[in-house]
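The values are calculated or read from the model by the stated rules, or taken from the named source; none is laboratory data. Here the structure is a predicted model, which is why all the values come from computation and not from measurement. Glycine also receives a Cβ, built like all others from the backbone with ideal geometry; neighbour counts cover every protein chain displayed. What goes into the accessible areas is simple: the full protein's heavy atoms, side chains included, and nothing from ligands, DNA or RNA. Shrake-Rupley method; radii C 1.70, N 1.55, O 1.52, S 1.80 Å.
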Amino acid sequence: MTITTNPQTSLTPTTRAAISGLGTARGHKVVTNHDLTLTLDTSDEWIIERSGIRERRIGGSCLELSTEAARKALTQAQVQPQELDLIICATCTPDQVFPAVSNRLQNELEANCGAFDLNAACSGFTYGVTVAEAQIAAGMERILVVGVDTLSRFTDWNDRSTAVLFGDGAGAIVLERTHNTQKGILSTFLGSEGRFADLLTCDFGGYIQMEGKEVFRQAVRVMVSASQQVLAAAGLTPQDVDVVVPHQANMRIIESAMKRLSIPLQKASTVLETTGNTSSSSIPLALDAAVSKGLIQDNSLVLMVGFGAGMSVAAALVRWGQ
Ligand code: UT7
C-alpha cells in the first residue's frame, strides 16, 4: 500500500503502477519566432536567448488533441478503452467551463468508466499521475492520464512578454497495475505555494498575466526541492537519475535546476525548442521524445518534475518498464 504522506513512497508494495503506453499530439499550426516578429516588437535572437524556444504549435481543441494522444497511448499499451477504470484529464484550458474535457474524451473513446478533469496548471500531468497511482494502489487496474492544454486561446498575441512562450499540445499515458515491484512509480510529491498565486494568472474572459522574472526564480527553487524530496523518499540520489523530464517552460530554468541538482544537463529531455510551453502536456511530450531518442530504456530511472501557476509543483520518480 502507498503511504499517504507527502512525499508519497511505494517502497514495499505488492503491486506498483507502471506506464504501459504513451502518446502525444501537437497543435496543428507551426508558428515560428520569425512569424511573431511580423506583428510583435521582438526578435528570433531574443526569444531563443531568453527562453530556448524557436517555434511552437497552436490550434486544435483540448478534445481533439487529447483524443489523438489517448488513442496512441491505448494502442501502444494494447488496452481497449472499455478496459479503463478511470480517465483523468489534467488541463487548465478546458474547451468549456463544463462539461469536463474528460467526459467528452470518455465518449469519444467509447470507454465505460469514470472521468474527471484536474487543474494544477503546468503541474497538472504529474498531479494526475499521482492521483492515478493512488487509485491503482486502492484497487483499480488501468487508468488513462492525459495532460492537455490550449494556452494559445488565452494568450494576448499583442503582448510580447507572453505571446512568444506558449503553445498547444497533449500527452497521454496508460498506467497499469504491475506485480513487478521493481518497476513503475517509486515515489511522488505534490506541493502548493499559494502565496505566489498572483505571479501567474488568467481571469475568465482574460489573458495570461505573468511576472516572468519572479516565476523564473521560484520555479527553479520548487523544482529542485520537489526533485530532492521524491529522490529521498525512494532512498535514491540525484546521481542515480538517468533522465530528467522537466516542465518545458524555459531552457534557462531547466539549466539552473539541473545545475543545482548536480545532474548533467544532457540528462534532461527537452522539446520546448519546437513546442514552446504547452503547460500540462509538456512533460508527456518530453517523455515521449526521450523514449523515441532511446534516452529512456528498460530500467531507466526517470524523474518527472513540473511547476506552474498556483504556484503548483509536482514530481514523480519512475523506474521505466513493466
Ligand atoms: O509554465 C509556467 C510558467 N512560466 C514561466 O516559467 C516563465 C518564467 N519566466 C521566464 O521564462 C522569463 O522571465 C521570460 C522569458 C518570460 C523573460 O525573460 P527575462 O530574462 O526574465 O526578461 P525580462 O522579463 O527581464 O525582460 C528583459 C527585457 C525587458 O526590457 P527592458 O525593461 O530591459 O528594456 C522586456 O521589456 O526584455 C524585454 N522583453 C522583450 N524583448 C524582446 C520582454 N519580452 C520580450 C520579447 N522580445 N518577446
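At a glance:
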item: Some residue of region 171-178 being in contact with an Asp or Glu (Cβ under 6 Å, 6 or more places away or on another chain) and open to solvent by 50 Å² or more (accessible area, probe 1.4 Å); result: yes
item: Subset of region 194-219 [within 8 Å of the ligand (Cβ to nearest atom), surrounded by 15 or more Cβ atoms within 10 Å (Cβ to Cβ) and not hydrophobic (A, V, I, L, M, F, W, C)]; result: Gly212
item: Residue within region 195-217 that is part of a helix (DSSP H, G or I), within 16 Å of Gly306 (Cβ to Cβ) and not aliphatic (A, V, I, L, M) present; result: yes
item: Any pair with Cβ under 9 angstrom, 6 or more apart, that starts in region 164-177 at a residue that is touching a residue at least 40 places away in the same chain (Cβ under 8 Å) and ends at one that is aromatic (Phe, Trp, Tyr) and crowded, with 24+ Cβ neighbours inside 10 Å; result: Gly171/Phe125; Ile173/Phe125
item: Selection count, region 271-289, where residues are polar (S, T, N, Q) and either part of a strand (DSSP E or B) or over 12 Å from the mean Cα position of the chain (by Cα) (or both); result: 3
item: Residues of region 38-77 satisfying the condition of being among the basic types (Lys, Arg) and touching an Asp or Glu at 6+ places or on another chain (Cβ under 7 Å); result: Arg54, Arg57
item: Every pair of residues 6+ apart whose Cβ atoms lie under 9 Å, when the first sits in region 244-258 and is on the phi < 0 side of the Ramachandran plot and acidic (Asp, Glu) while the second is more than 10 Å from the ligand (Cβ to nearest atom) and in a strand (DSSP E or B); result: Glu255/Ala268
item: Residue match in region 34-55 (condition: away from the ligand (no atom under 16 Å from the Cβ) and either within 15 Å of Thr275 (Cα to Cα) or assigned to a strand (DSSP E or B) (or both)); result: no
item: Filter pass, Gly191 being more than 11 Å from the ligand (Cβ to nearest atom), closer than 25 Å to Gly171 by Cα and either buried (at least 22 other Cβ atoms within 10 Å of the Cβ) or in contact (Cβ under 8 Å) with a residue 60 or more places away in the chain (or both); result: yes
item: Any chance Ala234 is open to solvent by 10 Å² or more (accessible area, probe 1.4 Å), more than 16 Å from the ligand (Cβ to nearest atom) and under 30 Å from Asp85 (Cα atoms); result: yes
item: Hits in region 237-263 - residues which are part of a loop (DSSP other than H, G, I, E, B) and either more than 16 Å from the ligand (Cβ to nearest atom) or of a type in the set (A, V, I, L, M) (or both); result: Thr237, Val241, Asp242, Ala249, Ser262, Ile263
item: Verdict on Phe125 being buried (at least 21 other Cβ atoms within 10 Å of the Cβ) and assigned to a helix (DSSP H, G or I); result: yes
item: Whichever residue in region 24-33 is away from the ligand (no atom under 16 Å from the Cβ) and farther than 15 Å from Val271 by Cα and, among such residues, is modelled with the highest pLDDT; result: Lys29
item: Region 299-317 residues that are in a loop (DSSP other than H, G, I, E, B), paired with ones that are away from the ligand (no atom under 13 Å from the Cβ) (beta carbon under 6 Å, 6 or more apart); result: Asn299/Gly321; Ser300/Asp242; Ser300/Val243; Ser300/Trp320; Gly310/Ser192; Met311/Glu193
item: Flag for Gln76 being surrounded by fewer than 23 Cβ atoms within 10 Å (Cβ to Cβ), assigned to a helix (DSSP H, G or I) and either small (Gly, Ala, Ser) or at negative phi (or both); result: yes
